[in-house]
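Read through the structure below, which is laid out as structure tokens, and then see the notes.
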Amino acid sequence: NFEQADDDDDVDDDFDVEEGKEGKTRRGMIDRPSGQFMLTMISFPKVICCAINGPAVGIGVTLLPHCDLVYCTQTSTFWTPFTRIALVPEFASSVTFVEAMGMLHANEMLLLGEKINAKQAVDYRLCLKIIKDCNENCIDAFSVDSIASKVCQIVDEKLLSLPHGDKTAKIFVSMIRGRRRNHLGAITKEELIKLDQRINNGEVLNAVLELGIGKSKI
């Protein structure tokens, strides 16, 4: 169940330094928790379901093409404001967004940083379906009327409750996603290296400071 993510705090942390043999150095994004999360999710062997309720930002949007099933509420929004703080596409979104929605819509989200609504997310093939009969104000994700519970019910009824459903699901995942794991992993690493370059040359920090993001932490 994914409800909201924001990368601003991670951006602040990217300016941390560590002591190494060559003096103070900054860990590359591939070795950071966010980078390892991306690579782990790409290679994850089980069915990944996503339930979005509210605003999805940054990695909360770019992870969607790596999910097997994605549902959202009517009021959900999707935003990848990478250009505003001089970042780069992440989580292989430079490829997956173009594949899912075409070059123009991918540029609308990644290059222009346009925020889209739930209907657009379905039209852009980021989301499978809007769940309308759930309580969007539900705080407890495990409540019977939450979107997370609704999604779990769908998966259980239509897949996991079937004979050998769990084993069948793993086989399908390996066949549908398995062939692309190495390719998407390589693209993700390439994007993270480009992000390292922008951080190291000061472009990201300058953009963050100009926008007044995280001044108390930097």
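The values are calculated or read from the model by the stated rules, or taken from the named source; none is laboratory data. Bear in mind that the values here come from a model prediction, so they are computed numbers and not experimental data. Backbone-built Cβ (ideal geometry, glycine too); neighbour counts: all protein chains shown. Ligands, DNA and RNA are excluded from the accessible area calculation, which covers all protein heavy atoms including side chains. Shrake-Rupley method; radii C 1.70, N 1.55, O 1.52, S 1.80 Å.
List of remarks:
- Formal net charge of residues neighbouring Gly185 (Cβ-Cβ distance under 14 Å; K, R +1; D, E -1): +2
- Residue list for segment 28-51, given a label point 7 angstrom along the Cα-to-Cβ vector of Met175 and an amide N cut-off under 13 Å: none
- Distance from segment 156-218 to segment 65-95 (C-alpha centre basis), Å: 10 Å
- A 1.4 Å probe run over the protein chains yields, for segment 99-199, 65 Å² of accessible area per residue, whole-number rounding.
- When the solvent-accessible area of segment 61-218 is split by element, carbon and sulfur atoms take up 56 percent of it, the probe being 1.4 Å.
- According to the Cα-based calculation, Rg over Rh for segment 135-183 is 1.16, with Rh computed by the Kirkwood formula.
- With every protein chain in place and a 1.4 angstrom probe, the accessible-area ranking of Lys170, Lys158, Lys150, largest first, reads Lys158, Lys170, Lys150.
- Rough spin-label spacing in nm, given labels placed 7 Å along Cα→Cβ, for Asp140 and Glu114: 4.1 nm
- Full extension of the chain segment joining Asn182 with Val98 gains 28.4 nm, where the gain is 0.36 nm per residue of separation less the Cα-Cα distance.
- Hull volume in cubic angstrom per residue (convex hull over the Cα atoms of segment 31-138): 110 Å³
- Percentage relative contact order, segment 88-168, counting C-alpha pairs under 8 Å, at least six apart: 14 percent
- Neighbours of Ile42 by Cβ distance under 14 Å: Lys/Arg scored +1, Asp/Glu scored -1, total +2.
- Length released on extending from Lys167 to Met41, taking residue separation times 0.36 nm less the Cα-Cα span: 43.4 nm
- Cross-link check: pairs Lys119/Lys170; Lys119/Lys150; Lys129/Lys189 evaluated at a Cα-Cα cut-off of 21 Å; pairs beyond the cut-off: Lys119/Lys170; Lys129/Lys189.
- If only the Cβ of Lys and Arg carry +1 and only the Cβ of Asp and Glu carry -1, the dipole of segment 75-186 around its Cα centre is close to 460 debye.
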